[in-house]
Each structure stands twice: as C-alpha cells, then as structure tokens.
Amino acid sequence: MADPAIEASPYVRAQNNLGTLGLHEMSALLPDYMRMVSEGDADFCSAVAQMTQVEVEARTQRITRLRIRSSGFPCVKTLADFDWSFQPSVPRPLVEELATLRFVDRAENVLLVGSPGVGKTHLATAIGIEAVKAGKEVRFIDCARLVDDLKDAQSRGILKKRLKYYAHSKLLIIDELGYLDIDEGGADLLFQLVSTRYEQRSTIITTNVGITGRAKVFGDEVAASAIADRICHHCHVIKITGRSYRLKDVPTERKMKEE
C-alpha cells in the first residue's frame, strides 16, 4: 500500500493518467486550465469541455493525415494552393462546386483534360483531399500502375478481389490516362473496373487525350468507346488550356529556344 506521505499529487496523477490514455493535448493544456479554474476565468465543466474539444480536433487531424497518406496521393495539394490567375481557362465556380462533394453523393464522374503541367493532377488531388476530410474512402493511382496492378492480380487469380478493392472506394482518382498506351488486355481490365463503378461510385480521371485520341491509347475503337461511354455519362468535363506550371518561371527567350 502506497505511503500517503509520498503519494503523488492529484496534478501529477492527472498528468500521468492523461499520458497513459494518450491524451497528450489535454495533458499539455492541464496547467493553463487549472489556473483558469482557480482564478475564476472558467468553471470546471467549461474547462473540461474546452480541453476535450482540443483533443478531439487534434485526433481528427492525425486521422486525416494518416488517411491522406494511405489514399495514395503523390503530395498534398489544396484549392487554396491553385493559381487561378495563371490558368484562367479553369472554371473556378465548377471546381469549387465539385469540392462540396455533391457529385460524389450522386455517383457522378469528373474528367480533367489538358496538356501536361496545366494543373489537372493538382485539381484532382485537391478534390480528393476534401473527400478524405469529409470521411470518404478515396484511392489515388496513376493509370499505368492501375493497369499493371490489375494484370498482376489476374495472373495470380485474384482479379475479382482486386477489382472489388478499387470498386469499393467512394472516390477513385485515375491519374495520367493517355500518357502511356494501353494494350487490349489492359483496356479490358480497365473496362471491367469502370463498369463495376458505373452509377455506383464516382471516378475522377486526368488525361491529356481528347475524344479523337482515345482509340489510339486503347488500341481499339470499340474498347475506347465502351470505356468513354461509362465515364462520360453523368460526368463533369473540365478542359484546361494554357501553359505548363513547370515552365511558368522560364524566361520567354529560353522557352522559344527549347521549342
């Protein structure tokens, strides 16, 4: 039995208990709120309510960061980071409407079309980050890696399981469709995935290929039409024109020489 003479003070026991429970924000705030209560600036219940609110917010932020990492985003981009003045062709009201995620609730798709470097991936990522913050399951993957993954699953006899994995995400972001050609087998696998998600889940696709170039990407006009038909039905299409962000700071004379 502990000797009362050497027993830890209530403050030390409270600090230890908060640390053991992993309530580190509350532990750090405990001295400030003890002072506020003792000086009459807050009553006990108000102090506890404020301390727990800070802890809840910190925990929510930690969980969101973990979910963003596990979703596969190459980096964290937000709409606040986007340079609207550099890309005036981007319909800002539409993008901001998409960021409300109502299109996800309606199982609609988004197609971002434009040359490399114009901000397609940035916008897709920013919308995806908003979806993660809203508690929705999001998966981000570039098209070539997606096709390779599905081919690998098919070779190991687990294609159905892998299709279910991608189909389950409330929002699937397929980046860089069209940068590499897709063979007939890959086109068939992509069609299966798109068909599984059709009118059930939302998909965002970034691509540098317009309608006329899709047959070349998939190597088959029929496959291209079948995939496009399901993607473009119930779809918001955003065409971005303009210069690449990667060249925005390159002097004009140098750009002309490079071209």
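The values are calculated or read from the model by the stated rules, or taken from the named source; none is laboratory data. As the structure is a computational prediction, the values presented were derived from the model and not from experiment. Glycine gets a Cβ as well: all are built from the backbone with ideal geometry, and neighbour counts include every protein chain shown. Keep in mind that these areas ignore ligands, DNA and RNA; they rest on the heavy atoms of the full protein, side chains included. Shrake-Rupley method; radii C 1.70, N 1.55, O 1.52, S 1.80 Å.
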Does residue 44 satisfy the criteria of being under 30 Å from residue 142 (Cβ atoms) and aromatic (Phe, Trp, Tyr)?
no
If you take just the helices (runs of 4 or more DSSP H) that sit entirely in the range 1-111, which of them hold at least 3 residues that are open to solvent by less than 70 Å² (accessible area, probe 1.4 Å)?
10-20, 24-38, 44-70, 92-98
Looking only at residues in the range 160-189 that are more than 25 Å from residue 67 (Cα to Cα) and outside any loop (DSSP other than H, G, I, E, B), which one is most open to solvent (accessible area, probe 1.4 Å)?
184
Within the bounds of the range 120-140, is there any residue that is open to solvent by less than 40 Å² (accessible area, probe 1.4 Å), of a type in the set (Ser, Thr, Tyr) and assigned to a helix (DSSP H, G or I)?
yes
Residue 156 meets each of (1) surrounded by 13 or more Cβ atoms within 10 Å (Cβ to Cβ); (2) more than 26 Å from residue 102 (Cβ to Cβ); (3) not β-branched (Val, Ile, Thr) with one exception, condition (1)
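Let's see how each residue does on (1) of a type in the set (A, V, I, L, M); (2) within 23 Å of the chain's Cα centre (by Cα); (3) more than 19 Å from residue 140 (Cβ to Cβ):
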| residue | (1), (2), (3) |
| --- | --- |
| 152 | no, no, no |
| 201 | no, yes, no |
| 210 | no, no, yes |
| 222 | yes, no, yes |
| 242 | no, no, yes |
Some residue of the range 182-189 being on the phi > 0 side of the Ramachandran plot, free of Cβ contacts under 8 Å to residues at least 60 places away in the same chain and among the acidic types (Asp, Glu)
no
How many residues does the range 46-88 contain that are closer than 18 Å to residue 245 by Cβ and not acidic (Asp, Glu)?
14
Which of the numbered conditions does residue 237 fail, given that it passes all the others? Conditions: (1) within 25 Å of residue 90 (Cβ to Cβ); (2) assigned to a helix (DSSP H, G or I).
(2)
Being closer than 27 Å to residue 114 by Cα and in contact with a Ser or Thr (Cβ under 9 Å, 6 or more places away or on another chain): is that true of residue 147 here?
no
